[in-house]
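Structure, as structure tokens:
The values are calculated or read from the model by the stated rules, or taken from the named source; none is laboratory data. Here the structure is a predicted model, which means the values were calculated and not measured. Reconstructed Cβ throughout: ideal geometry from the backbone, glycine too, with neighbour counts over all protein chains shown.
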Amino acid sequence: MVVMTKKMKNFEVVFSDPSKTYSSGDKVAGRILVEVAEVTKVSAVRVIGIGCAKVEYAKGKQRCREDIDYLRYEDTVTLDDQPTDADGSVILRPGKKYEYKFGFELPQQGQLVSSYKGKFGSVQYYVKAFLERPSQPLLETRTNFEVVEPIDVNTPDLMSPAAGTKEKKVTCMFISDGQVSLNARIDRRGFCQGEEITIDADFENSCSRIVVPKAAIIAKHTYQANGRTKIFQQKLSSVRGNHIISGMCETWRGKTIRVPKIKPSILACNIIRVEYFLMIYIHIPGSNKLVLELPLVIGTIPYSGCSSRTNSMSSQEGSSANNSWVSLRLPEAPPSYCDVSRDCRMESPTTPLLDDYDGSDSPLFMTAPQFQFCSPPAYTEVDEECNGNAL
């Protein structure tokens, strides 16, 4: 016996505020919209709210899978002012739009985890609706909603500084080639997207190679399933300093790196953990990097002193810029190339390469460039109206 399926014109879940991001204790409300193409008898419409974390990946021939529920809500919804049969079913007719309303509250703070979608796992929240019809297949529809748990970076723990020191002995063919070292500090551990991390660091190079100091924000995703752990890391943003030749040092005072648009840290889930850290390191050609990792927590409630400090810095920069324009004066005469020493000889036939690479096969030296001097500018090329008052 073949059962003819009655077609539905529309069946969907719509939230009262589709663009809202929810958090613990908020009310999730909306409607289930139903339109039929022909007269249809509906036995019941059920709605469930689900929040769960899932991890799934392959480890050889084994399939690792784990899940945790954070939200489970179920209810049977009815139509307002709609006559029902003795068994509670209703007759839906074409040409009309029917709305089944629903609403429920999310658990209180500490019982949820922020929404997340990663390489080997996810944390998802959604509302699913089921439409039951006699002698017809069960219909279902689903709509996701976003949950972000608040993390205040102004707590004493996240306002405390983080610092560290690292050093590394460099060898060449098992022969000692000196060492490199770094000492770095950041004034706090908690940040939000868009904020800048201020780095104070000292780098020292006593080996014979040219090294490059760098810093990067790293995301670390940890997945756990079936007693196994899988870790995935990615670089989000980075900055670099000047090349440091042998026997020299480099100092960072107030060097900044901006936190990109990223999800907040996830630290309360037993199977998915999202952590961030600031990696400060020295690139050493022909050797492994010297790496120092300082922990970060990405929150949702920004640093309370950020706006005032930013405005203060902006006003200072504007003031210094205006002063520099007022004090600008043209020189009495252009420099003469006769006074410039044209001795371009080098202490060695090769110059260390300035553009380094993170790969292990980067070259250490390059051929010395040939310098070409241009003729000095003529006075006729100078705009004579450019004086202090005009600027």
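Couple of notes before you dig in:
- Residue match in the stretch 171-180 (condition: surrounded by 15 or more Cβ atoms within 10 Å (Cβ to Cβ) and closer than 30 Å to GLN108 by Cα): no
- Check on ARG46, surrounded by fewer than 17 Cβ atoms within 10 Å (Cβ to Cβ) and assigned to a strand (DSSP E or B): no
- Residues of the stretch 148-187 that turn out to be out of contact with any strand residue (DSSP E or B) (no Cβ under 8 Å at 6 or more places or on another chain) and assigned to a loop (DSSP other than H, G, I, E, B), as a count: 4
- Looking only at residues of the stretch 133-148 that are touching a Ser or Thr at 6+ places or on another chain (Cβ under 7 Å) and at pLDDT 95 or above, we find that the one that is surrounded by the most Cβ atoms within 10 Å (Cβ to Cβ) is VAL147.
- The stretch 149-186 - residue that is without any contact (Cβ under 8 Å) to a residue 60 or more places away in the chain and touching a Ser or Thr at 6+ places or on another chain (Cβ under 7 Å) and, of those, nearest to GLY51 (Cα to Cα): ASN183
This table checks each residue for (1) in a strand (DSSP E or B); (2) crowded, with 18+ Cβ neighbours inside 10 Å.
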| position | (1), (2) |
| --- | --- |
| GLN193 | no, no |
| ASP200 | yes, no |
| GLU204 | yes, yes |
| CYS207 | no, yes |
| ILE217 | yes, yes |
| HIS221 | yes, yes |
| LYS230 | yes, no |
| GLN233 | yes, no |
| SER237 | yes, no |
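- Test: residue in the stretch 59-76 that is within 22 Å of SER16 (Cα to Cα), assigned to a loop (DSSP other than H, G, I, E, B), in contact with a Phe, Trp or Tyr (Cβ under 7 Å, 6 or more places away or on another chain) and hydroxyl-bearing (Ser, Thr, Tyr): no
- From the list LYS214, LYS255, LYS220, LYS261, the one residue that fits, being in contact with an Asp or Glu (Cβ under 6 Å, 6 or more places away or on another chain) and either aromatic (Phe, Trp, Tyr) or in contact (Cβ under 8 Å) with a residue 24 or more places away in the chain (or both), is LYS220.
- Of ALA53, ALA58, ALA37, all but one fail to be surrounded by fewer than 18 Cβ atoms within 10 Å (Cβ to Cβ) and in contact (Cβ under 8 Å) with a residue 24 or more places away in the chain; the exception is ALA37.
- Scanning the stretch 106-143 for residues that are in contact (Cβ under 8 Å) with a residue 12 or more places away in the chain, among the basic types (Lys, Arg) and either more than 30 Å from LYS9 (Cβ to Cβ) or not assigned by TED's automatic domain parsing to the domain that holds SER16 (or both) gives a single hit, LYS119.
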